[in-house]
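The values are calculated or read from the model by the stated rules, or taken from the named source; none is laboratory data. As the structure is a computational prediction, the values presented were derived from the model and not from experiment. Note: ideal-geometry Cβ built from the backbone for every residue, glycine included; neighbour counts use all protein chains shown.
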């Protein structure tokens, strides 16, 4: 009887990641609240990119201003003369996107949570949950103050209330669906058509949620529940925004990718509310010409550290191995737009012991290096969002508010990634070439 | 006509594979409809699909999706096939699974 082959270090560590590290994270990302959140932020993304871009354009001339910017008042004036007529439109776009972030998030989160419960109880519908969630959130807003404080960027329906809005929407949908599930509803006599009866089903649950939220939101005198919630979550964001918390997230992302799972997607399902608050606070601070609060944003990781696997695809195109060359040609255009999968699975980096070193350890080192650049103030913080397929040097240039240092740092990091992978790629190339030679030699013998 | 649905996170990297799969299908004279979607669209596209192929990076979704759609064929695309954007291989995998 054959003894079972001893597991290699790689197999054992892969097993460990697949069985011990990934499952709890996956379970976490599939918690209904986080799943609803993920879908909420996916839906929000285009509006946020649009709002951030409008903010950026509004503040374009500041970059060339005499004291604060590049000291090119002529250019600043020229830009101003173009932007000023468009100003009302741009401001309007910012208002309906970023300044309503919390309200729209509460609405979407309610919708997706309702969609989840709809699969279990057909009486709970997504749209009804969405409406009850957004109105429950508005119960916490003091409307007599609302128009007076219609100021941008600290607007109460915007990013300061993002966490509060999400929590209130969860609270509202939970009570709503519990009451419906317990059949605490108005029951119509049998003779009433179902269409009409169902309209009355949500009567009691909706009243209960809205009255309860109004009492908590407005009925407690000077006790402003929402602003207390907002302050508490601000601490949470500060806690999750440091380089260590972000670094743990980033290394997990690399490790998960190494076993072939979409690490970024799994990690972001947990980090997204913190990340979104960070970048919108940055956008708002930028618009208000204040100091930018957060350096280590999600965009900072993406634009400066993660960059793309472009350098690896480039190595492939220059390779002597035919398979790598084909892969390089196939994947290079995609990697410019941050599509990594062909390289990840084709080379592969996934489950390739040689590649573990540059992919996990190398990137961790690059992360630390960039944290240092950020801490000593060389890296310009990101103050705008872009679509994720934007080439990273361009993304960091735009994201930093057109600071020329940003793309230089990104390009430098891309060069570092290239040289980080180069020695390991060469070793792998040699191995493959050797295998090919052997294979051809064997073919020759058979002839 | 068979409907083949590919799913990854944003529907981007699978869309690369889709065009290669369509070419392979044309070369084989195999009539089918192949499309790529982001994972967020899964609930609306899966009910209409004959087979659902997941990008290997989202294979962790397969158990959950199989629970939700027990009658559907749902499987992850082979890593190498995916990496080399091997449309022929992916189409072959889909046809094999549908015939079984």
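Things to note:
- Condition met for residue A:105 (more than 14 Å from chain B (Cβ to nearest Cβ) and either within 17 Å of the chain's Cα centre (by Cα) or under 27 Å from residue A:216 (Cα atoms) (or both)): yes
- Across the stretch B:12-45, the number of residues qualifying as in contact with a helix residue (DSSP H, G or I) (Cβ under 9 Å, 6 or more places away or on another chain) and either within 15 Å of residue B:56 (Cβ to Cβ) or part of a helix (DSSP H, G or I) (or both) comes to 19.
- Failed item in (1) assigned to a loop (DSSP other than H, G, I, E, B); (2) closer than 12 Å to residue A:39 by Cβ, with residue A:123 passing the rest: (2)
- All conditions in (1) touching a helix residue (DSSP H, G or I) at 6+ places or on another chain (Cβ under 6 Å); (2) assigned to a helix (DSSP H, G or I); (3) modelled with pLDDT of 90 or more hold for residue B:95, with the sole exception of (1).
- Among (1) at pLDDT below 90; (2) in a helix (DSSP H, G or I); (3) over 25 Å from residue A:248 (Cβ atoms), the one test that residue A:266 misses: (3)
- Unique residue being more than 14 Å from chain B (Cβ to nearest Cβ) and surrounded by fewer than 17 Cβ atoms within 10 Å (Cβ to Cβ) when the list is A:180, A:196: A:196
- Test: residue in the stretch A:265-272 that is surrounded by 15 or more Cβ atoms within 10 Å (Cβ to Cβ), closer than 24 Å to residue A:378 by Cβ, in contact with a helix residue (DSSP H, G or I) (Cβ under 6 Å, 6 or more places away or on another chain) and within 14 Å of chain B (Cβ to nearest Cβ): no
- From the list B:44, B:62, B:19, the one residue that fits, being under 13 Å from the mean Cα position of the chain (by Cα) and exposed (fewer than 14 other Cβ atoms within 10 Å of the Cβ), is B:19.
- Cross-chain or 6+ apart pairs with Cβ under 6 Å, the stretch A:213-239 first and in the same structural domain as residue A:170 (by TED's automatic domain parsing), then modelled with pLDDT under 80: none
- Out of B:49, B:10, B:36, sole residue that is modelled with pLDDT under 90 and closer than 27 Å to residue A:37 by Cβ: B:10
- Flag for residue A:226 being buried (at least 17 other Cβ atoms within 10 Å of the Cβ) and within 21 Å of the chain's Cα centre (by Cα): no
- Number of the condition not met by residue A:112 [criteria: (1) at pLDDT 90 or above; (2) away from every other protein chain (no Cβ under 14 Å)]: (2)
- Filter pass, residue A:411 being surrounded by fewer than 23 Cβ atoms within 10 Å (Cβ to Cβ), over 24 Å from residue A:261 (Cα atoms) and away from chain B (no Cβ under 14 Å): yes
- Of the residues in the stretch B:69-82, not one is more than 14 Å from every other protein chain (Cβ to nearest Cβ) and on the phi > 0 side of the Ramachandran plot.
- Residues in the stretch B:1-11 that are part of a strand (DSSP E or B) and away from chain A (no Cβ under 14 Å): 4 in all.
- Condition broken by residue A:337, with the remaining ones in (1) in contact (Cβ under 8 Å) with a residue 24 or more places away in the chain; (2) more than 14 Å from chain B (Cβ to nearest Cβ); (3) out of contact with any helix residue (DSSP H, G or I) (no Cβ under 8 Å at 6 or more places or on another chain) satisfied: (2)
- Note on the stretch A:374-391: among residues that are touching a residue at least 60 places away in the same chain (Cβ under 8 Å) and more than 21 Å from residue A:55 (Cβ to Cβ), the one that is nearest to the chain's Cα centre (by Cα) is A:391.
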